[in-house]
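We did not get these values from a lab; they are worked out from the coordinates using the rules stated. Computed from a predicted structure; not experimentally measured. Neighbour counts run over all protein chains shown; Cβ positions are idealised from the backbone, glycine included.
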Amino acid sequence: MTTNSTQKVLLINTHLTYPNWSEGLLNDAFHQKAKDFFLEKGFEVIETKVEDGYNPDEEVEKHIDADSIILQTPINWFGAPWIYKKYVDEVFNSGLFSEKFLSGDGRTRENLTKQYGTGGKMQGKKFMVCSTWNAPKASFDDKNQVLFEGRSTADVLIQINSNYRFCGVDIVADYNCFDIFKDGDIVGTLENYPKHLEKVFEL
């Protein structure tokens, strides 16, 4: 957590542009909505657009400085775009080697009761995913659905959330824009986004 009175939020946009098909306007809109919300609340906003390039060591410092972190991402083939996996591998490896994110995986040979995933150093921070889906909302949390078999969005996003939980960060409820190509309520979902941010970040 920051030691001064100004809270900081890191907004990461990992949309990957596919010209004439997926230009990133929707994810940009959610990113901007979050930025406007936090600025109105008096936060300092730190930003990264993964597609534009980044320095892994600088991204580590952004994470250390931030009190809250939001990943804005489309869901491409049931996960974030491949550029985000590259980002995570490079940034979290830097945070591991410098021991700024974590010190080992939490286990020690001296104390075998310590659990895997308890070596994080980023306690007190919060992380949230805001994502855009082709999948409809009805495909989640319903055991009668063939694809997800009753799983929630949090279940599907576990490979993203676990990176942060592994480093000691608290995970807050995700926010999702569903069915974006067919029958989703994009306008309403965008308008309601600040209410979700206010609730999960307790502002």
Kirkwood Rh in Å, taken over all unlike Cα pairs in the range 148-203:
13.1
Folded to 0 to 90 degrees: helix 56-65 orientation relative to the chain principal axis, Cα
90
Cα-Cα P(r), the range 85-203, percent of pairs per 10 Å interval:
12, 32, 31, 19, 5, 0
Assuming R0 = 22 Å, what is the FRET efficiency of Asp52 and Asn20, from their Cβ-Cβ distance, to the nearest 0.05?
0.65
Compute the distance from the alpha-carbon center of the range 124-167 to that of the range 41-99, in whole Å.
19
20 Å Cα-Cα threshold exceeded, pairs from Lys41/Lys126; Lys35/Lys100; Lys8/Lys121; Lys35/Lys126
Lys35/Lys100
Reachable lysines, given that their alpha-carbon falls under 22 Å from the alpha-carbon of Lys137 and they are not under 8 places away in the same chain
Lys33, Lys182, Lys195, Lys199
Taking GluC sites (Glu not before Pro) that fall in a DSSP loop and have at most 16 other Cβ atoms within 10 Å as cut points, what is the longest piece of the chain between them?
24-98
When all alpha-carbon pairs of the chain are counted, what percent fall beyond 25 Å?
39
Computed from the beta carbon distance with a Förster radius of 35 Å, FRET efficiency for Gln32 and Asp105 to the nearest 0.05 stands at 0.40
